[in-house]
1. Assuming R0 = 56 Å, can you tell me the calculated FRET efficiency for the pair A:Tyr157 and B:Met167, based on Cβ-Cβ distance, to the nearest 0.05?
2. What nm distance separates the two modelled labels at A:Ala183 and A:Ala262, each placed 7 Å from Cα along Cα→Cβ?
3. What number comes out for the charge environment of B:Glu238, summing +1 per Lys or Arg and -1 per Asp or Glu over other residues with Cβ under 13 Å away?
4. Counting only C-alpha contacts under 8 Å and six or more residues apart, can you give the relative contact order of chain A as a whole percent?
5. Can I get the semi-axes of segment B:77-220's equivalent ellipsoid? Compute them from the C-alpha gyration tensor as square roots of 5 times the eigenvalues, in angstrom, largest first.
6. Per DSSP helix of 4 or more residues, -39500 (n - 2.57); summed, then divided by the residues of chain B. What does that give at 222 nm, rounded to the nearest 500?
7. Can you sort A:Arg27, B:Arg113, B:Arg68 so the residue with the fewest Cβ neighbours within 10 Å comes first?
8. Mean Kyte-Doolittle hydropathy of -0.5 or higher plus an axial Cα length of 30 Å or more: which whole DSSP H helices in chain A meet both?
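Derivation of every value follows stated rules applied to the coordinates shown; laboratory data play no part. Computed from a predicted structure; not experimentally measured. Cβ placement follows ideal geometry from the backbone for every residue including glycine, while neighbour counts extend to all protein chains displayed.
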Amino acid sequence: MSVYRLNYRAYTGKVTPLWMRIAVIARYGFNEAWSSKITIGLFILSLLPPIIFLVIIYLANNPMARALIGAGSPDLVVNARFFLVVLQIQSWLALVLASWVAPRLMGFDLADNALPILLSHPISRFGYVLGKFIALFGSLSLVTWVPISILFVDQGYSSPVPWFGNNIRLAFGMLAGALIWIAFLSVLCLAISSWVKWRVVATGAIFAAVFVPSGVGAIVSAVLRTKWGFLLNVPYMMSQLWQRLLGAPEFLGRLGSLPTLAILIMLAAACLVSVGMLNKRVRAREVVRG
Amino acid sequence: MGIIELNGLEVQLGGRTVLDGLTGELQGRAIGLLGPNGAGKSTLINTLLGFHLPTRGTVRVFGLDAHRDRAEIRGRVGYMPENDSFIGNMSGVRFVRYMAELAGLPPGMALERAHEALFYVGLGEVRYRKVNTYSLGMKQLIKLAQALAHGPRLLILDEPTNGLDPMARQRMIQLIGEIRKEGSVRLLISSHLLRDIDEVCDEVLILKGGRIAALCNIEAERRSNRSFIELETVGATERFSTSVRALGCECASFPGGRIKLVLPEHVEARDLYIIAAEQGVQIRRMNQRRDSLEDIFLRAMGNTPTGLPTAPNEIERPAHVGL
């Protein structure tokens with residue numbers, strides 16, 4: 001098979017190992033996600049807060065700026081609470097980015113029924129989903145733990161030596177908090193996107209999946225006078241988890257503190273449901289029962 | 001060893017037995033898969049690709065178990081599905097390259113082969129257009145291109161001429177014929193169109209109700225079924241029959257001057273006219289046909305074609321015909 005001869009030629013060259021096919025799915029997924037101008041726009045938007053925080057860190061560590069603003073100003077203290085705010089802002093921006101990217105990753109394959117062709121190649125359904133997961137997880141990493149870690153390193157570099165060593169827990173807490181959040185978000189968004197063919201509707205469904213149960217949870221808590229309704233409230237649960245990971249004061253605790261184990265179990269359960277949804281949907285062939 | 005070995009294969013889907021005890025060995029260069037709707041053709045293809053787990057029995061492709069070794073089999077197989085199946089947002093060349101990389105080709109080689117495959121199927125000029133802007137015929141061709149790009153050993157084509165206009169169909173059949181001639185690729189073609197199978201296949205598997213209704217080599221079948229001729233004559237019919245028998249034909253006479261005969265290889269219809277002219281017999285009507293794939297199919301389905309001569313074992317045989 002060659003362009004000028006127009007005849008068929010069998011392939012006898014080397015073949016990549018099987019695990020590389022997952023990387024192929026991830027690479028094409030990443031490319032698909034970032035080929036949109038809206039993705040680029042959201043990414044730039046997500047980098048604006050870290051730039052502002054970078055300026056704050058600079059001012060907090062600059063004697064001249066501290067003297068001008070006032071040395072005791074609470075806005076110029078870089079501590080657990082500061083990084084909690086950074087983590088929260090970046091995490092919710094990650095939700096916005098995920099709600100746009102995930103439907104792109106799944107939607108094009110589903111809209112044109114590409115799964116039979118994709119899965120007829122040497123890649124399993126698990127490999128396919130894992131590849132998409134890596135693409136989304138990687139994209140969300142660029143707006144969560146990567147800029148947050150840069151801020152932390154910058155603060156450690158700018159401040160006197162003991163600060164870095166004394167606050168290393170913050171770095172691990174932020175990393176763990178961000179990884180838990182984007183892993184949860186990636187699985188949830190892929191699952192919802194796999195069930196909704198229309199990308200705009202899928203974006204709306206992702207927001208609904210995060211915020212509608214929060215409202216239901218609030219009603220349950222109010223009616224039954226219990227704190228357990230907050231287990232349906234993803235923003236509330238995540239805020240509590242992040243506070244504990246960073247060792248920040250619990251300013252949401254007055255509503256009802258949830259056990260960390262319960263939060264983790266709830267997140268794991270949501271992930272399991274999402275995996276079940278993916279397992280049901282990502283198939284080369286649908287079997288009609290009866 | 002055959003390319004595909006079926007050993008009591010049974011597949012149940014949704015509580016219904018779709019394939020029921022298929023046993024056989026497919027070894028043709030181009031194998032046709034025929035059967036009415038719901039016969040189990042697509043299920044068999046999906047089972048070969050490892051999409052369905054056999055309930056009982058086994059199926060082997062290139063000697064590998066279709067379910068256990070599905071990754072290895074899929075690497076050696078190119079699959080062109082029946083329905084639309086592509087990523088419309090990608091350009092043609094990017095889509096084919098993606099599929100080739102998934103099949104295991106390194107990125108550079110995949111790109112090279114994608115270009116080649118697209119030129120080969122005749123989509124070279126439109127390879128940078130997005131796939132969702134392609135016509136139906138182009139979409140069929142790009143499915144073929146992606147199935148070919150990684151150089152498979154077995155090409156599974158599910159209804160390759162579906163929805164194509166006559167020109168596009170001819171082009172597709174020609175391409176399949178060329179691939180077959182090249183010799184390095186075996187073909188499994190599922191189609192409703194007997195003509196397509198007839199033109200390119202040398203072996204046919206006919207399914208009916210999830211069971212094998214026929215599995216035969218088309219060429220061998222044709223060779224074994226000699227030419228049948230039905231004549232309507234006026235004149236000395238008995239003498240004519242005797243003369244024809246002397247040529248080596250198997251012949252049976254019926255009232256009203258009707259004669260049915262089987263021509264051996266060395267006798268042609270022209271010889272009959274010569275004998276008739278010599279004996280003053282008028283040949284009013286002559287029906288001549290070879291056993292076609294349609295006959296094989298209809299026999300497999302349990303319906304003999306009406307008004308046409310049938311296979312030797314089904315022809316009415318008067319006592320004086322020595323077969």
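1. Once rounded, the FRET efficiency stands at 0.20.
2. 2.3 nm
3. Overall, the nearby charge balance is +3.
4. The value is 23 percent.
5. 27, 16, 14
6. After summing the helix terms and dividing by the residues of chain B, the value is -10500 deg cm²/dmol.
7. In increasing order of surrounding Cβ atoms, one gets B:Arg68, A:Arg27, B:Arg113.
8. For chain A, where a helix must reach 30 Å along its axis and average at least -0.5, the hits are A:37-60, A:80-111, A:168-195, A:199-224, A:260-281.
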